[in-house]
Amino acid sequence: MYNSKILGLGYFVPENVVTNDDLSKLMDTNDEWIQERTGIKERRHVIKGEDTTASMGVKAAKIAIERAGIDKDDIDFIVFATLSPDYYFPGPGVLVQRDLGIKTVGAIDIRNQCSGFVYGISLADQYIKSGMYQNVLVIGSELHSSGLDMTTRGRGVSVIFGDGAGAAVLTREEDKTKGILSTHLHSEGQHAEELSLIAPGMGKRWVSDILEDNDPEDTSYFPHMNGQFVFKNAVVRFSEVIVEGLKANQLEATDIDMLIPHQANLRIAQFIQRKFRLEDSQVFNNIMKYGNTTAASIPIALTEAWEQGLVKEGDLVVLAAFGSGFTWGSAIIRW
Ligand code: COA
C-alpha cells in the first residue's frame, strides 16, 4: 500500500470576462443583488467555437503535467469530472487521451457535478494506493455558458455559473504521513431533482419526441436549482464532511492550514469559515472572479492558492465539496 500525493497542478479559464453588469443587459438582474447573495463579481464564458469542456481540460492538464515534471506518457490513467461533457457519449476522458496524444491508457468519466473533483481525487488515490497505477491525471472542467437560460426566467441559476478547467497529477508517495490521508464521499439521491438538468436524458424524453415537439417553453433543457434548499443542505453537508475527515485523522479544525471549499457561493464558504472559526488566511476563495465552475472550481482554486504560495510543504489542506445529486465529499491532504 502507498499514499498518493499531488505532484502538479494547472488551470485554464477562457479570456472572455462577463461582469454582473454584462448580465444585467440580458436579464433583469443587477450587480448588487448578485454580489450580496453570492459574492460573484464576474465569471468567464467561452466564446462560441473557441473551447469546449474537453479542450479546456486538455489545456489545464498540459500545465499540470509540465509542473509535475513528468512526460505525458508517464500518465497511467485519466479521470475526468464534468457535468457538461462535449458529447452525450463518449465522455471527455477519451478526448483528453486523444488530444494529449497519451498512449491507450484507461479513461473514466465522473458524473458528480460540484463534488466531481473530490470524487476524482478519491478514485485516483485508491488506484495509486493499491499499486495499480503510479501517475493519474485528474481533470475537472465545465462549459456552463452554452447551456444556461440567459433570460430573466433563468436568472436564479445563470448568474452563478462560469466556465473553466483545473487539473492535478497524482503520483505515488512512499511516506504514509504525506499526501492524501483520506477521502470521504456521500450521496443522497432523494434530492436529485433539486439541482438538476433533466433533459437531454433518456429517462425524460425520447429523441423522436424532442424532434417532433420542440417546445420553447420546455425548461427541462436548462439547469434547475431550488436555491434555498440547496443552500441549507450545503452548509450542513460541508460541515459534516469536513468534521468526518478531520476525525478520521485525529485532527481538529485548528490543524487546518488551508481549506479549499468548492466555490458554490461565497456566503456558504463564509458560513463554514465562521463555524470552524477559521481565519481569512485559512480559507481560499476565488468565486468572485470565476463564479461557480462546478467540477473545475476546486482544482482552479487549489492551483491559484498553490501559485500564490498559500499551500506549502507540510500544510494540512482540506478540500470539501457539495453539489447536485446531492453529493458531497472531502479530502484531507498533508502537502
Ligand atoms: N437577480 C435579481 N433577482 C433575482 C435573481 C437575480 N439573478 N435571481 C433570483 N432573483 C429574485 C427572485 O426572483 C426572488 O424574487 P421575489 O422575491 O420577487 O420572488 C428574489 O430574488 C429572491 O429569490 P431567492 O431564490 O429566494 O433568493 P435567495 O436569497 O435564495 O438567493 C441564491 C438565491 C441562488 C443566490 C441562493 O439560494 C443560493 O446561493 N443557493 C445556493 C446555490 C448554490 O450554492 N448552488 C450550487 C451548489 S453546488
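The values are calculated or read from the model by the stated rules, or taken from the named source; none is laboratory data. Keep in mind that what you see is a predicted model, and the values were worked out from it rather than measured. Neighbour counts run over all protein chains shown; Cβ positions are idealised from the backbone, glycine included. The protein model used for the area step is the full one, side chains on, heavy atoms only, and it has no ligands, DNA or RNA in it. Shrake-Rupley method; radii C 1.70, N 1.55, O 1.52, S 1.80 Å.
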| field | Qualifying residue in segment 144-154 (condition: within 24 Å of Glu50 (Cα to Cα), crowded, with 24+ Cβ neighbours inside 10 Å and within 16 Å of the ligand (Cβ to nearest atom)) | value | yes
| said: Just the residues that are modelled with pLDDT under 90, of a type in the set (Lys, Arg) and more than 22 Å from Ser84 (Cα to Cα), please, taken from segment 187-243. | reply: none
| query | Looking at (1) at pLDDT 90 or above; (2) over 29 Å from Ser122 (Cβ atoms); (3) within 24 Å of the chain's Cα centre (by Cα), which is the one condition that is false for Ser182? | reply | (2)
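Look through segment 282-301, keep the residues that are of a type in the set (Ser, Thr, Tyr) and part of a helix (DSSP H, G or I), and return whichever of them is surrounded by the fewest Cβ atoms within 10 Å (Cβ to Cβ). Working first, answer last.
Here is the first cut: in segment 282-301, the residues of a type in the set (Ser, Thr, Tyr) are 290, 293-294, 297.
Cutting the leftovers down to part of a helix (DSSP H, G or I) gives us 290, 294, 297.
On the way: Tyr290: 25, Thr294: 32, Ser297: 30.
Among residues in segment 282-301 that are of a type in the set (Ser, Thr, Tyr) and part of a helix (DSSP H, G or I), the one surrounded by the fewest Cβ atoms within 10 Å (Cβ to Cβ) is Tyr290.
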| request: Write out, first by first residue and then by second, each pair whose Cβ atoms fall under 8 Å of each other, whose residues are 6+ apart or on separate chains, and whose first residue, in segment 299-327, is closer than 19 Å to Asp280 by Cα while the second is open to solvent by 10 Å² or more (accessible area, probe 1.4 Å) and of a type in the set (Gly, Ala, Ser). | output: Leu310/Ser281
| message | Condition first: closer than 18 Å to Ile108 by Cβ, within 16 Å of the ligand (Cβ to nearest atom) and either open to solvent by 80 Å² or more (accessible area, probe 1.4 Å) or not in a loop (DSSP other than H, G, I, E, B) (or both). Can you find one or more residues in segment 54-75 that meet it? | response | no
| note | Taking segment 18-44 and keeping residues of a type in the set (Gly, Ala, Ser) and either part of a loop (DSSP other than H, G, I, E, B) or crowded, with 18+ Cβ neighbours inside 10 Å (or both) leaves Gly39
| field | segment 176-201: number of residues that are more than 24 Å from Ser239 (Cβ to Cβ), open to solvent by less than 60 Å² (accessible area, probe 1.4 Å) and in contact (Cβ under 8 Å) with a residue 24 or more places away in the chain | value | 1
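Which residue out of Pro90, Pro85 is assigned to a loop (DSSP other than H, G, I, E, B), free of Cβ contacts under 8 Å to residues at least 24 places away in the same chain and away from the ligand (no atom under 16 Å from the Cβ)?
Details: Pro85 fails: free of Cβ contacts under 8 Å to residues at least 24 places away in the same chain.
After ruling out the rest, the residue left standing is Pro90.
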